[in-house]
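Inspection log for the structure reproduced underneath, given as structure tokens.
The values are calculated or read from the model by the stated rules, or taken from the named source; none is laboratory data. What you see is a predicted model; the values in this text were computed from it and never measured. Note: ideal-geometry Cβ built from the backbone for every residue, glycine included; neighbour counts use all protein chains shown.
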Amino acid sequence: MINVIIVDDEPLALDVLETYIEKIPELKLLQRCNNALEANEALNNHEVDLMFLDIQMPQLTGTDFLKTLAKPPLVIFTTAYANYAVEGFELNAIDYLLKPISLERFMKAVNKAAEQLDLQKGTGPNAPTASEEDPDFIFL
């Protein structure tokens, strides 16, 4: 199960993302947030694995908010502006979705995030096996 929050100031965008999340059984929506301050509170109150984060928001942009987090969850940016993509990836975003977001593109981004979480947790098909982690020899 992947714990998710959505951070966006547009109600329609929140609705679309929530609908997509409901279609994927591995995702559990913990909270919808209208701004970065609500998102910060959600991150303090929940164990969040993945955050769908809009960039253009009042008070604090998504990129600026992400820079304030000491231990951010995985992030998928959701925005109508392509010109922030480079900065998004410099902040280690898993993906960058341009609005309007199709279900196909959404699923592709979620699959990337799931793979990354599997690697972080040491599970999944690409996780190292015990023999790879602790070899019986040292190569010189």
Can you tell me which residues in segment 56-94 are hydrophobic (A, V, I, L, M, F, W, C) and within 22 Å of residue 2 (Cα to Cα)?
65, 66, 69, 70, 74, 75, 76, 77, 89, 91, 93, 94
Any helices (runs of 4 or more DSSP H) falling wholly within segment 1-119 and containing at least 2 residues that are of a type in the set (A, V, I, L, M)
11-23, 36-45, 85-90
Residue count for segment 1-29, restricted to those that are of a type outside the set (Asp, Glu) and without any contact (Cβ under 8 Å) to a residue 24 or more places away in the chain
6
Scan of segment 34-73 for residues that are surrounded by fewer than 21 Cβ atoms within 10 Å (Cβ to Cβ) and closer than 15 Å to residue 96 by Cβ, ordered by number
56, 61, 63
Hey, can you tell me all the residues within segment 74-86 that are without any contact (Cβ under 8 Å) to a residue 12 or more places away in the chain and surrounded by 12 or more Cβ atoms within 10 Å (Cβ to Cβ)?
85
Considering only segment 120-140, how many residues are at pLDDT below 60, assigned to a loop (DSSP other than H, G, I, E, B) and among the charged types (D, E, K, R)?
1
